[in-house]
Amino acid sequence: MYDLVIIGGGPAGLSAGLYAARANMKTVVIERGLYGGQMQNTLDIENYPGFGKIRGSELSEHMYNQALEVGLEWKMGEVTGVKLEGQPKIIEMGNEEIRAQAVIIASGAQPRYLGVPGEKELAGRGVSYCATCDGAFYRDQDVVVVGGGDSAVEEGIFLTRYASSVTIVHRRDKLKAQAILQERAFKNSKIKFIFDSVIEEIQGDSKVDGVLIRNAKDNSTSVIEATGVFIYIGLVPNTKFLQDTGILDEQGYVVAGLNMSTNIPGVFVAGDVRNTPLRQIVSAAGDGAIAAMEVYDYLENL
Ligand code: FAD
Ligand code: NAP
């Protein structure tokens, strides 16, 4: 039996794990993928204090090693269900069960799909959700990026390292991204913008050859020729395994108070999966630290 199970090994889970292990709580992180979560899909991180500019993979490794060195346990696998009421808490991974006195949900979020014809059919054949992973395949080619937030603009800039042109298609007349990213993108001669427009279809037989877009103001349609389409239209929380717990808001995020507690005693949350105003590495790590210290208090009083 563990004192604490942490679901997800991104910055929130790793930070919670570091604090919990240092407080001598017997703690395990369950992770279905690679340590570091979304950080692994980011080439350079420029806004995590103390590092200047650091590769996402490198920051992931630092966090992982630091937490394991102080005794955090790591378990590969996907959480498929939970029984959170009462004691002990039961975490299901298929047929396997793990028991603990407290749980921190740090399962983060994943890319939202556009839901247009051609997206599913051409996924991996021109449709991508990860410029860091796939950008290099598009050397000297024309690509489209969909979205107007930090991800679309930052990844659009990144893609200009390879692509001959990057067209950012956004449904509004202005971007949502941070000012510093907007400034960089507007200065980059390889980036074009198409505002007030939505993608209606991703075209191509065996691989992408273009996108059909519709102008939301005058309803006109046009085709942009491109061999790659990178979709960055936000995130959806990884909370499928929490469907029946009653702790989710209408968008599927976990509802929590300032101390990261949910309305189930002994169940806490941290990072992007929380209904939080800021989804960043620094805030995920901060949430993780708070949640771990709250677990400590909870166990003391149990
Ligand atoms: P995540 O990083 O999403 O980690 C959650 C982990 O939980 C994942 O590893 C996942 O595999 C695991 N998991 C999910 N469900 C299960 C399950 N059922 N069972 C087991 N494991 C599970 N932020 C910045 O501060 N600076 C940046 O420069 C920056 N760049 C970004 C670039 C992009 C393209 C994107 C998409 C995001 C970027 N962010 C950046 C945001 C930042 O990456 C996130 O805010 C942060 O990673 C959230 O951490 P987290 O631990 O809450 O969740
Ligand atoms: P986001 O901030 O939610 O932005 C999503 C964008 O996609 C918005 O512009 C939105 O349009 C648009 N959009 C949503 N649904 C759409 C649809 N169906 N069709 C077309 N467009 C759609 O998501 P994100 O950019 O992926 O960022 C996610 C989180 O990671 C944020 O918290 C962000 O700050 C963080 N992040 C940080 C950095 C960094 O710090 N350098 C880099 C990347 C990401 P509207 O504007 O109309 O809503």
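List the residues whose amide H sits under 5 Å from the amide H of S197, counting only those 5 or more places along or on another chain, with H placed 1.01 Å from N in the peptide plane.
H170, R171, R172, A216
Full extension from N47 to S206: what is 0.36 nm times the residue separation minus their Cα-Cα distance, to one decimal in nm?
Result: 53.3 nm gained on full extension.
Sort out for me the Cα centre separation of segment 182-230 from segment 69-128, rounded to whole Å.
Here the two parts' Cα centres lie 32 Å apart.
How large is the charge dipole for the chain, taken about the Cα centre, if only the Cβ atoms of Lys, Arg (+1) and Asp, Glu (-1) carry charge, to the nearest 20 debye?
Once rounded to the nearest 20, the dipole reads 500 debye.
Please give the FRET efficiency for A179 paired with A123, using the beta carbon to beta carbon distance and R0 = 45 Å, rounded to the nearest 0.05. Before the final figure, lay out each step's value.
On the way: r = 33 Å, r/R0 = 0.72.
After rounding, the FRET efficiency stands at 0.90.
Could you tell me which residue out of V145, T245, A12 lies farthest along the dipole of the chain toward its positive end? Charges go on the beta carbon: Lys and Arg +1, Asp and Glu -1, centred on the Cα centre.
So the residue we want is V145.
Quick check on the exposure proxy: order D173, D196 from fewest to most C-beta atoms within 10 angstrom.
Going from least to most buried by this count: D173, D196.
Among bridges DSSP assigns within the chain, what percent are antiparallel (round to 5)?
45
Would you mind computing, in nm to one decimal, how far apart the modelled labels at K187 and D140 are, each placed 7 Å from Cα along Cα→Cβ?
Going from the K187 label point to the D140 one covers 2.9 nm.
One quarter of the convex hull surface, Cα atoms only: what value does that give for the chain in nm²?
The orientation-averaged projected area of the Cα hull of the chain comes to 16.5 nm².
Under 1.5 on a/c is rounded, so check that first for segment 113-231, then, if it is not, pick prolate when a/b is larger than b/c and oblate when it is not; a ≥ b ≥ c are the square roots of the alpha carbon gyration tensor eigenvalues.
oblate
Over the Cα atoms of segment 1-107, what Rg and Dmax result, in angstrom?
14.2, 44
Under a crude label model (7 Å from the Cα following the beta-carbon direction), how far is R55 from L299 in nanometres?
3.5
Bear in mind these aren't lab numbers, they're just calculated from the coordinates by the rules spelled out. Quick caveat: nothing in here was measured; it's all calculated off a predicted structure. Heads up, the Cβs are rebuilt from the backbone with ideal geometry, glycines too, and the neighbour counts pull from every protein chain shown.
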